[in-house]
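The values are calculated or read from the model by the stated rules, or taken from the named source; none is laboratory data. Source: prediction; values computed, not measured. Cβ sites come from the backbone with ideal geometry, for glycine too, and all protein chains shown count toward neighbours.
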Amino acid sequence: MQTTLPSLTIVSPCYNEEPMLPTSAPVLQNVLERLILSHQVADDSKILFVDDGSQDRTWQLICELQQHNPLFTGLRFTRNYGQEAALMAGMQTAQRHADLIITIDADLQDDPSLIPTMVAQAQRGVDIVYGVRNDRSSDSWFKRTTANGFYWTMGNLGVNLVPNHSDFRLLTKRVVTALMQCHEDKPFLRGIIPQLGFPSTKLYYKRQPRQAGVSKYPLRKMIRFALDGILSFSIAPIRAVLYAGMTICGGAFLMLIWIMIQHLRGAVITGWSSIMASLWFLGGFQLIAISIIGEYVGRTFTEVKHRPRYIVQADTYSPNFQSPTVS
Ligand code: UDP
Ligand code: MG
């Protein structure tokens, strides 16, 4: 029986990846060509590099790759919008044409040799294949510890994440179509995708160190990313502030009763230090409480403006496609 082969698009976000692309592009090309030759995917399958507003020669390299081999295509943002926006744009563009979409970082820290197994799993009817690291030894102690703290926090907030999974995954077209219905300004993909509820499986691999270039996630960006994850998925921090406020008020009330009893007994109550300590503690606590609420208000503010998540400057994925450049 003749069945039509699924068309695959490999989406890879790139931000200043000039040092890395000459290594990673041939690796991805090799994997895809083998899949095409072994008739596992259709011969119109593609690699889509999303240039997230790089300041180096990343876009020129993508264009040169496409000139030599039409397997390569590109999407270019007007400026740097962030990895999640680049992934969303890549998937949104790829779904015009592809049945299966794989996202993988351009630095090939994730194992591209897993791609054929991902495709095989999809052909068995699985809609989401998560690449999961079984070894984080290539990460620093600090990154491992903070990552564990993040998963622990998210777990306690009731958010269903796949531990040690980053953005290396396969999605079928119907998952991407469902994902595109999530219109939030900063989509936290690692949280949203498991929530969509499609059949999924995991494949384990060892994450390699970055071979060239530098990480685009300094500490400041990592903290922002973790906060985005927590605050876009849960209002538990506001509730935690409420409980802490109630506990402090209860404690203050008990203290008041104790002070009154001491007063009636005629005891002289000295206590400059304790007053100062509670004053500073309460002042600090109130600032934290207000800023937590402010974070949610700020997010609502950004969300209601409905500004585009990203603006595309150039699209060579399907050049004849007439699309708005704004999404
Ligand atoms: N990236 C991006 N936009 C950004 C930051 C990163 O498209 O603003 C891309 C980057 O080029 C890479 C992937 O996202 O392909 C992961 O970034 P990186 O390897 O720097 O993260 P790390 O592995 O250090 O967490
Ligand atoms: Mg990396």
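A few points about this structure:
Residues are listed down the side, and each one gets a yes or a no for (1) under 20 Å from the mean Cα position of the chain (by Cα); (2) among the hydrophobic types (A, V, I, L, M, F, W, C):
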| position | (1), (2) |
| --- | --- |
| 266 | no, no |
| 271 | no, no |
| 274 | no, no |
| 280 | no, yes |
| 286 | no, no |
| 290 | no, yes |
| 300 | yes, no |
| 309 | yes, no |
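- All conditions but one from (1) more than 30 Å from residue 106 (Cβ to Cβ); (2) assigned to a helix (DSSP H, G or I); (3) of a type in the set (Val, Ile, Thr) apply to residue 269; the one that does not is (2).
- Only a single criterion out of (1) within 16 Å of ligand 2 (Cβ to nearest atom); (2) at pLDDT below 90; (3) under 20 Å from the mean Cα position of the chain (by Cα) is not satisfied by residue 211, namely (3).
- Residue satisfying all of: in the stretch 122-133; of a type outside the set (Gly, Ala, Ser) and crowded, with 20+ Cβ neighbours inside 10 Å; nearest to ligand 1 (Cβ to nearest atom) among these: 133
- Among the residues examined, residue 64 does not qualify as acidic (Asp, Glu), under 25 Å from residue 121 (Cβ atoms) and either free of Cβ contacts under 8 Å to residues at least 40 places away in the same chain or touching a Phe, Trp or Tyr at 6+ places or on another chain (Cβ under 9 Å) (or both).
- Per the listing 221, 206, the residue uniquely more than 18 Å from the chain's Cα centre (by Cα), among the basic types (Lys, Arg) and either surrounded by 17 or more Cβ atoms within 10 Å (Cβ to Cβ) or within 16 Å of ligand 2 (Cβ to nearest atom) (or both) is 206.
- Looking only at residues in the stretch 66-87 that are touching an Asp or Glu at 6+ places or on another chain (Cβ under 7 Å) and among the aromatic types (Phe, Trp, Tyr), the one that is farthest from residue 217 (Cα to Cα) is 77.
- Some residue of the stretch 138-148 being buried (at least 21 other Cβ atoms within 10 Å of the Cβ), of a type in the set (Gly, Ala, Ser) and either part of a loop (DSSP other than H, G, I, E, B) or more than 13 Å from ligand 1 (Cβ to nearest atom) (or both): no
- Summed over the stretch 69-88, residues that are outside any loop (DSSP other than H, G, I, E, B), more than 10 Å from ligand 1 (Cβ to nearest atom) and not hydroxyl-bearing (Ser, Thr, Tyr) total 5.
- Taken together, the residues in the stretch 197-225 that are in contact (Cβ under 8 Å) with a residue 60 or more places away in the chain and more than 12 Å from ligand 1 (Cβ to nearest atom) amount to 9.
- Residues of the stretch 107-133 satisfying the condition of being more than 16 Å from ligand 2 (Cβ to nearest atom) and small (Gly, Ala, Ser): 113, 120, 122, 125
- Subset of the stretch 142-160 [modelled with pLDDT of 85 or more and in contact with a Pro (Cβ under 7 Å, 6 or more places away or on another chain)]: 151
- Residue in the stretch 211-230 that is nearest to residue 160 (Cα to Cα), counting only those that are in a helix (DSSP H, G or I) and of a type in the set (A, V, I, L, M): 230
- Leading residue by the ranking (nearest to residue 303 (Cα to Cα)) among those in the stretch 162-182 that are without any contact (Cβ under 8 Å) to a residue 60 or more places away in the chain and out of contact with any strand residue (DSSP E or B) (no Cβ under 8 Å at 6 or more places or on another chain): 182
- Condition check for residue 172: surrounded by fewer than 16 Cβ atoms within 10 Å (Cβ to Cβ), at pLDDT 95 or above and either within 18 Å of the chain's Cα centre (by Cα) or not hydrophobic (A, V, I, L, M, F, W, C) (or both): no
- For the stretch 106-129, residues that are touching a strand residue (DSSP E or B) at 6+ places or on another chain (Cβ under 8 Å) and closer than 12 Å to residue 206 by Cα total 3.
- Within the stretch 142-158, tally of residues that are farther than 23 Å from residue 239 by Cβ and among the hydroxyl-bearing types (Ser, Thr, Tyr): 2
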